[in-house]
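Since the structure comes first, as structure tokens, the remarks are kept for the end.
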Amino acid sequence: MSDTPSHDLASSGAPTEESTLGAAIPDAPPATDEAALESLRVELEAAQAGAAEHLASTMRITADFANYRRRTAEERERETATAAEALLRRLLPILDDLDRAFEQLPPELSKTSWVAGIAMIDHKLRALMEAENMTAIEAMGKFFNPKEHEALGSLPTEAAEGLVLAEAQRGYKLGDKILRPALVMVAAPLQTTPAPDIATAAETTLDENPGDATPNTEEQPNDTRRH
């Protein structure tokens, strides 16, 4: 088999390696049309505006839902607090009965087991009320507070004016809200009566009884006999 000279291939018109590599390289693309670029730019801006609008709408919906959840939770808390307050108010007469029972308890019965059992029930009931943030209003030894106390009357005494001397009924509050004010008696200053003046007393007596001071001017009968 005879080798064919390269110059014969070139002269015969057969494709050479150089011509094959040159044919594989494509020509450069034509220049991009400016109108097409402008159209793409407009579409991009429209897509960005739509995305921003959708994002704002999503954020509004999320905020509205968060506000709805907050309002629902607040309403649920108010309803629970209202129900708890109504129940605690209905327990106040029971607490009053227990207070009166222990105040009037005979000394000879204070050490009995059934009194101890009632005291335990009273303690549990008050512990339950404290767990619900309900506390008794302090009154004895405190100065009168119109926001927490209701005065039934006053007692003249040497104690400081306005000091609570007695508590007729215990008051209660739920948190900062007054459920019932305490019924109390408060101290009033002693009324000192000055010693009466004798002259003043006499004048007062004469003014009240003028007839007693009027002299008797009635003519006396003449008993003188003529001789």
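The values are calculated or read from the model by the stated rules, or taken from the named source; none is laboratory data. Just so it is clear, the model here is predicted, and its values are computed rather than measured. Please note: Cβ atoms are built from the backbone with ideal geometry, for glycine as well, and neighbour counts cover all protein chains shown.
Can you tell me which residue within region 113-132, out of those that are more than 19 Å from residue 178 (Cα to Cα) and of a type outside the set (A, V, I, L, M), is surrounded by the most Cβ atoms within 10 Å (Cβ to Cβ)?
Among those residues, the one meeting the criterion is 122.
If a residue must be in contact (Cβ under 8 Å) with a residue 40 or more places away in the chain, buried (at least 16 other Cβ atoms within 10 Å of the Cβ) and within 24 Å of the chain's Cα centre (by Cα), how many such residues does region 133-177 contain?
The total comes to 7.
Scan region 107-135 residue by residue and report those that are among the small types (Gly, Ala, Ser) and modelled with pLDDT under 90.
Restricting attention to region 107-135, the residues satisfying the condition of being among the small types (Gly, Ala, Ser) are 110, 113, 116-117, 119, 127, 131.
Within region 107-135, just 110 meets the criteria.
Does region 138-145 contain at least one residue that is in contact with a Leu (Cβ under 7 Å, 6 or more places away or on another chain) and modelled with pLDDT of 90 or more?
Within region 138-145, the subset in contact with a Leu (Cβ under 7 Å, 6 or more places away or on another chain) is 143.
Next, from what is left, pick out any that are modelled with pLDDT of 90 or more: 143.
Yes, the conditions are met somewhere in region 138-145.
If a residue has to be without any contact (Cβ under 8 Å) to a residue 12 or more places away in the chain and in contact with a helix residue (DSSP H, G or I) (Cβ under 7 Å, 6 or more places away or on another chain) to count, how many in region 92-117 make the cut?
Restricting attention to region 92-117, the residues satisfying the condition of being without any contact (Cβ under 8 Å) to a residue 12 or more places away in the chain are 93, 97, 100, 103-117.
With in contact with a helix residue (DSSP H, G or I) (Cβ under 7 Å, 6 or more places away or on another chain) added as a condition, the list becomes 105, 109, 115.
Qualifying residue count, region 92-117: 3.
Which residue pairs have Cβ atoms under 7 Å apart, sit 6 or more places apart or on different chains, and have a first residue in region 79-91 that is assigned to a helix (DSSP H, G or I) and a second that is surrounded by 10 or more Cβ atoms within 10 Å (Cβ to Cβ) and not aliphatic (A, V, I, L, M)?
84/132; 88/132
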